1. Please compute the length gained on full extension between ASN674 and ASP363, using 0.36 nm multiplied by the number of residues separating them and subtracting their Cα-Cα distance.
2. State, as an integer percentage, the relative contact order of the stretch 318-470 based on alpha-carbon contacts under 8 Å between residues 6 or more apart.
3. Between PHE745 and GLN583, what length in nm is gained on full extension when 0.36 nm per residue of separation is reduced by their alpha carbon distance?
4. Taking the Cα centroid of the stretch 559-610 and of the stretch 355-374, what is the distance between the two, rounded to the nearest whole Å?
5. Only Lys, Arg, Asp and Glu count, each charged at its Cβ (+1, +1, -1, -1), so figure out the dipole size of the stretch 46-198 about its Cα centre, rounded to 20 debye.
6. Tell me, in nm to one decimal, what length is gained between HIS372 and THR245 on full extension, where the rule is 0.36 nm per residue of separation less the Cα-Cα distance?
7. Evaluate the distance, in nm, between pseudo-label points positioned 7 Å from the Cα of ASP547 and of MET221 along their respective Cα→Cβ axes.
8. Using the beta-carbon distance between LEU467 and PHE131 and R0 = 51 Å, what value does 1/(1 + (r/R0)^6) give for FRET efficiency, to the nearest 0.05?
Amino acid sequence: MLVNEDYRPKLAKAFQQDYEYASLAEHYSINNLKKLSPTKKVIYILCYAYHRHQKINDNLTISFIHYLEKFKAEAVVSARDKIFDDKLEINKDTKNAALVFRFFDDEKISDKESFGNIRKRARKYIKKGKFNIVADYLLGLLFDFQAIKWDKIAQLKKKVTTNIRPLFKVFELSGDSNQQHLLSAIAFLKNYFQSSDNDRKTLIENVPIKCMPHNLKNHLMKDGIVDMAKYEFMIYQLIAEQIETGHMYLENSISFKSLSSHLISDDKWKDKLSLLKQLANKKLLTPVDQLLDDLESTLEKLIIEVNQCIEDGENKEIKIKKEDGEITFTLPYPASADKENHPIFKQLPQISIANVLQFAHQDCNFMSAFTHIKPYDAKDTLDPIVMMACIIANATNLGIYKMAQSSDLAYHRMYTQMKNFMRLETLQDANDTITNAIADLPIFKYWNIHDDYIHGSVDGQKYETRLNSFIARYSSKYFGVNRGVVAYTLCANHIPVNSKIISANQHESHFLFDVLYNITSKIDIHWLSGDGHSINQVNFAILDFIDKQFAPHFKRINHKAETLCGFSPLKQYKDLLIKPQHQTNKKNIKAEWDNIQRIIASLLLGETSQHLIVSKLSSHKRKNKTKEALWEYDKILMSIYMLKFINDPMIRKNVRRALNRGESYHKLRRAIANVHGQKFRGKNTQEIEVWNECARLVANCMIHYNAKLLNALLEKLQKEGNDKLIEALKYISPIAWININLYGFYTFEEEQPMKIDMIKLAESIIMLKTA
């Protein structure tokens, strides 16, 4: 397709937002796309094709690695089974061979007896042809696991040819300069597959073997001739390994591009100073020497202070144990006072979830966020009541078809409204509207864990999927033999402010910066906690650059303390209880500071999915100086936080409290999903994301309803001047569902919508001092 010159600037901008335009194209039928203006038509279709091509390459690469690992595991199991069976068989012959050995000391056997007669007698114990096998076994020449494994791989040729080879043929692979031998082998193999049988006989004599690992040559070659079935699998194995380590990549993909393709281009980075000033990030503009000097001063002071507090007995909560000459220590973790479904909610009459959504709409008009997919010439108008039914249907996993059977609304009305108004961005805007309304309530500041700033938490919740989708993955721990996804949610002051669907096999820590940095509501989080799954090698550093404190919970602090680092030589810390195990390499950080600035600037500009950069930087298999320098910087910040965590019981209490609030939200989210089973019913990633966002919206409406009630109660107590009960009110969580009916027949089209008087409800509550 030839593109008019007038469209090129628009296309350039569109390709930067290809996912957004591609998703819009999916909402239009072919006939509707034809009705669009030529500019929009070109942009939507090209972006859709471009993004689809990248996504397909992603999926093909994941399939390639999956089948490779599957067949490798199959060959390993077959090789082990064969060795086990052969050992069972040879054990009997080995025992019988012991009887043959006795012939040599048997005085009854004459020295004049012929060897032929002795051999006949021996064959009564061991069959012909087994003697050499027993001898090889006794000499340790049998059961070469690698040899047997590669023989089994050769036997899997048909499966490899059917499932992996077609994927390999369409890959457009590129790699670093040190991958030339492998790239030559890839080019040879593609040429080999396209050649005729006669040409293959000639090509096989010139197989490139420089990329072949030395320890595999004996298994892949015999008399100088390469076994092509084994060689093919070996090339696939090397490709997968190099993709994992980041030395080989597919540029026409999303997840498997080179790290440099995710970063700011060389041309833009030439004007580095103006770019950093545009970002207005203080740490990126601060000289690296000054940053490291400040960190050194803070860390070295903390090391002395923490150990001094323990020695003086000021840190009374730390428990030191001495076992077998080794000194270990543990820390207690206080329980949280914030509990879901507080008893005061039992005093309230139950209200339908439909009425809860209507109340939220009356209070903050969140339904105005649902705009028609067509900005102009839209025939339909938003019907808030019908849209609420669609939201509840998706949130509870009912679906609009069953909602039509369980409510007073027709299916076709819900289908039309959902098709035209329900999108991921409109749902997120609606969530932000409710979130902002809760944040504006006077009671919101009473939920602050810290006086001056907001402390949030992130965690993932596993959900099984009912239908097959590419994002769903196996996890035997959570889904058994089935597949599912993870709803990764950030909560702050009890409110779910952002959520993202990820695969069950993806590391949650890779998405932490993504969900924090891309919050679109007015809630500004300064501290962010998570469990062990939130920790990787870069999150401390990345969050520090945006002036956020990453505050994870350390379950086994004694083991984590082994990662502490210091700036001084380690011998200076030898007499301390809590001491660094690693000396910081300042030179490496300084040498790679320009590259670190480029990585952070790329993350902040958000020109690509942040989790892709984080996952590449967190991978242990990827080795380069920049990554090592960033890891060093991260260790400094983690060491500072860990020492504060050990020394300050209030930090430990606050972290635990933030995490427990996230757990309470998960219970509410599970209660919503339980209305019609906990399984997601979305057919693809986009539908699952929409359904998850609907569930967050319903949860926010419920929290908003409870928050308004607690706020009315606060105003009542303030008028009475009851400071004791106001203090108790701080620890009552708005996460509750015992006062809200999620089940039954849903009635939306009442003649007079239910009016809720929060003041009367607050006055009806009897609140004890021990609440």
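1. Extending this stretch completely gives an extra 109.2 nm.
2. Result for the stretch 318-470 is 19 percent.
3. Gain on stretching PHE745 to GLN583: 51.8 nm.
4. 47 Å
5. Magnitude of the dipole: close to 660 debye.
6. Stretched out fully, the HIS372 to THR245 stretch lengthens by 41.3 nm.
7. 6.2 nm
8. Step by step, r from the Cβ atoms, then E = 0.25.
The values are calculated or read from the model by the stated rules, or taken from the named source; none is laboratory data. Just so we're clear, the structure is a prediction, and the values are computed from it rather than from any experiment. Virtual Cβ from ideal backbone geometry, glycine too; neighbours counted across all protein chains shown. Protein only, heavy atoms only, side chains kept; ligands, DNA and RNA dropped before computing areas. Shrake-Rupley method; radii C 1.70, N 1.55, O 1.52, S 1.80 Å.
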